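Report on one structure; see the data block that follows.
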Amino acid sequence: MVNISDFKKISDFEWEIPQNVHPDMKVPVRIFATRRLLEKVFDDESIQQAINSATLPGLVGRVLVMPDMHQGYGFPIGGVAATRYPEGVISPGGIGYDINCGVRLLSSNISFEQAEPFLDALANALDYYCPSGVGKGGHIKLSEKELDQVCTEGSRWASKKGYAQAHDLERTEEKGRMEGADPSAVSKRARQRGLDQIGTLGAGNHFLEVDLIEQVFDQSAATVMGLFEGNLAVQIHCGSRGFGHQICSDYVEEFQGAVKRYGIKLPDRELVCAPLTSPEGQRYLKAMRCAANYAFTNRQILTYYARRAFEEVLAGKVSNWELDQVYDIAHNMGKIEVHEINGEKIKVCVHRKGATRAFGPGNPEIPPEYQPIGQPVLVPGSMGTASWVLLGTEESMKRSFGSTCHGAGRMMSRSQAKKKIWGEDLRNQLQSRGIRIRAGSLSGLSEEAPEAYKDVDDVVQTVVGAGIARKVARLVPLIVVKG
Amino acid sequence: MIAKAGYQEIEHTADIALRIWAPSIPELLVQAAKGMFALCGIQGKKSSRRQRIFQINFSDHENLLVNFLSEVLYYVERDKLVLDRFQFTLHDHQMTVIASGYPILSIQKMIKAVTYHKLEIKTTENGFAAQIVFDV
């Protein structure tokens, strides 16, 4: 059992677990946290999970953990691990079941004053057009051929079908399409689950929010991103739905045998992995990229329907009801990237599980208009609290494989939250603060109560203090649509 | 007095988890399915029973448990069916399951996946026990 005395304090915002804490660790673990946030995570198994993750073969640098960390299964949520390419391994559990779960942010020129009389109608329209909750299908049913196209083309498929606007794709991580996706690596069952779930939010912590841009911290960067204080913005948080969940389950199952074949010993079966160049590893990469493209398309279609809801409710009532894409990021993903480690440029497979890519200024992977400022990072808070727009920095490139936090991070179990908080009380409380809630389930609502999460402002303060992100704007919710 | 077979929800920060126990492996599978459906808040509509027959290939008991739960979860999503009666026939590393249940009337929570996290089926004085974590 590790305790805080085993940690080496690097700064007020960084702590290191040395490699010698466990004989099987291949690299140290670096945690971005204040002492207060760090002490909180000793209540669950996140620290042990981070140490377990550090035993994967082929790791380079350090396993990193973000301040929104909490217990997951196998990897901790908030974990970043890079394995050397091609000698290292890929671990589906290090990416998660919801492959390419991510966040999209849309800006508007609609002021709160203009929109306020129509917010109830807007909440109803968004609730109708953007289905959420358990078992809800979408407005679009894919044919088998279309599913193949979604897998290989991602958001380009949505664009060809008229579901995208001019620069939506340019302002999406990977331009909404990962190369190297191959539907032949996807099981029949995953395909079947993918046919009718596109254009849906799902349940759990996924949501669509209309926010008010409450405060801008970096005027010039916010202007480039089209974010102005007092205006409305929209966040969409969801992933690859049952399609991605099934792909991850299929490969966690297949890799149970692969670890035996390749003689890989691990402390937890959920960490199963396969060499990146092995037939199993290659097939997983191809399937994972199909799920990533599915998730990009999912958020693109939800964007189309969010725009339709805005038009239906606000056309003729406000002067400009358009929603302009700011950016779309993934926070559960495996990517082949080049990073500088100890002065050497190394090709690696970066696993981000509950961590956001945060590339710094000048990186060719980000849209030209954002190259002077860095990549936008979208950090949704817990329901009813603030969300943040941040930017990647040069420091994030040097110290965190171009990664930063992804949210507030849970600290209370779902069963505790349900015992402590009544869904109806919470809905009334949020509504009294002017937040319109459209939720499929009241128990689901109580599980996602703000008290169940860390303070997102503390989390953001930590990554900013550590230098692995900088602040642009703080958003507060007006409408929440969730399952 | 503790029942010979049962399930109990245990705390997990982000996901949901169950402790299950039973005198035999087949009964452990039944308790796991019951517990999982209870965590999902599933209500079945009492009507004529629907049957599903499926095969599970497995390498060990943990693998059997994950594959069995994943299969019954699949019928929840695809057929909106909650299976609550099971007959098991074992042949080496394959189990044939004849299951029946009811259409789902309502469901509170969907499970994304059944995980292997710290999954170990232990032998106890009264049979078998395990903890299982579900991604939600």
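Here are the numbers for the structure shown:
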quantity: Matching residues, region A:193-204, being surrounded by fewer than 24 Cβ atoms within 10 Å (Cβ to Cβ) and not in a loop (DSSP other than H, G, I, E, B); calculated: A:Arg193
quantity: Filtered residues of region A:80-98 (kept if within 13 Å of chain B (Cβ to nearest Cβ) and either of a type outside the set (Phe, Trp, Tyr) or surrounded by fewer than 24 Cβ atoms within 10 Å (Cβ to Cβ) (or both)); calculated: A:Ser91, A:Pro92, A:Gly93, A:Gly94, A:Ile95, A:Gly96, A:Asp98
quantity: Number of the condition not met by A:Ala50 [criteria: (1) among the aliphatic types (A, V, I, L, M); (2) buried (at least 24 other Cβ atoms within 10 Å of the Cβ); (3) at pLDDT below 95]; calculated: (3)
quantity: Only one of A:Ser155, A:Ser107 that is of a type outside the set (Phe, Trp, Tyr), in contact with a helix residue (DSSP H, G or I) (Cβ under 6 Å, 6 or more places away or on another chain) and within 22 Å of A:Tyr370 (Cα to Cα); calculated: A:Ser155
quantity: Tally of residues being more than 14 Å from every other protein chain (Cβ to nearest Cβ) and not in a strand (DSSP E or B) across region A:205-224; calculated: 8
quantity: Single condition A:His245 does not satisfy, out of (1) within 30 Å of A:Lys141 (Cβ to Cβ); (2) touching a helix residue (DSSP H, G or I) at 6+ places or on another chain (Cβ under 7 Å); (3) within 11 Å of another protein chain (Cβ to nearest Cβ); calculated: (2)
quantity: The lone exception for A:Leu64 - which of (1) under 12 Å from A:Lys353 (Cα atoms); (2) modelled with pLDDT of 95 or more; (3) within 14 Å of chain B (Cβ to nearest Cβ) it fails; calculated: (3)
quantity: Elements of type strands (runs of 3 or more DSSP E) in region A:284-360, at least 1 residues being aromatic (Phe, Trp, Tyr) and under 20 Å from the mean Cα position of the chain (by Cα); calculated: A:324-330
quantity: Pairs with Cβ under 9 Å, 6+ apart, first in region B:77-90 and under 30 Å from A:Gly133 (Cβ atoms) and more than 14 Å from chain A (Cβ to nearest Cβ), second part of a strand (DSSP E or B) and aliphatic (A, V, I, L, M); calculated: B:Leu83/B:Val97; B:Leu83/B:Ala99; B:Asp84/B:Ala99; B:Arg85/B:Ile98; B:Arg85/B:Ala99; B:Phe86/B:Val97; B:Phe86/B:Ile98; B:Phe86/B:Ala99
quantity: Answer from A:Gly154, A:Gly202, A:Gly194, A:Gly176 - the residue that is modelled with pLDDT of 95 or more, within 14 Å of another protein chain (Cβ to nearest Cβ) and in contact with a Gly (Cβ under 8 Å, 6 or more places away or on another chain); calculated: A:Gly194
quantity: Filter result for the condition that a residue is within 30 Å of A:Ile373 (Cβ to Cβ), in contact with a His (Cβ under 9 Å, 6 or more places away or on another chain) and polar (S, T, N, Q), over A:Asn205, A:Asn231; calculated: A:Asn205
quantity: Neighbours by Cβ (under 7 Å, 6+ apart or cross-chain): first from region A:365-380, free of Cβ contacts under 8 Å to residues at least 12 places away in the same chain; second among the hydroxyl-bearing types (Ser, Thr, Tyr) and surrounded by 15 or more Cβ atoms within 10 Å (Cβ to Cβ); calculated: none
quantity: Residue match in region A:349-362 (condition: away from chain B (no Cβ under 14 Å), modelled with pLDDT under 95 and on the phi > 0 side of the Ramachandran plot); calculated: no
quantity: Residue list for region B:1-57, filter: more than 14 Å from every other protein chain (Cβ to nearest Cβ), part of a helix (DSSP H, G or I), in contact (Cβ under 8 Å) with a residue 40 or more places away in the chain and not aliphatic (A, V, I, L, M); calculated: B:Pro26, B:Glu27, B:Lys34
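The values are calculated or read from the model by the stated rules, or taken from the named source; none is laboratory data. In this text, all values refer to a predicted model and were calculated from it rather than measured experimentally. Glycine also receives a Cβ, built like all others from the backbone with ideal geometry; neighbour counts cover every protein chain displayed.
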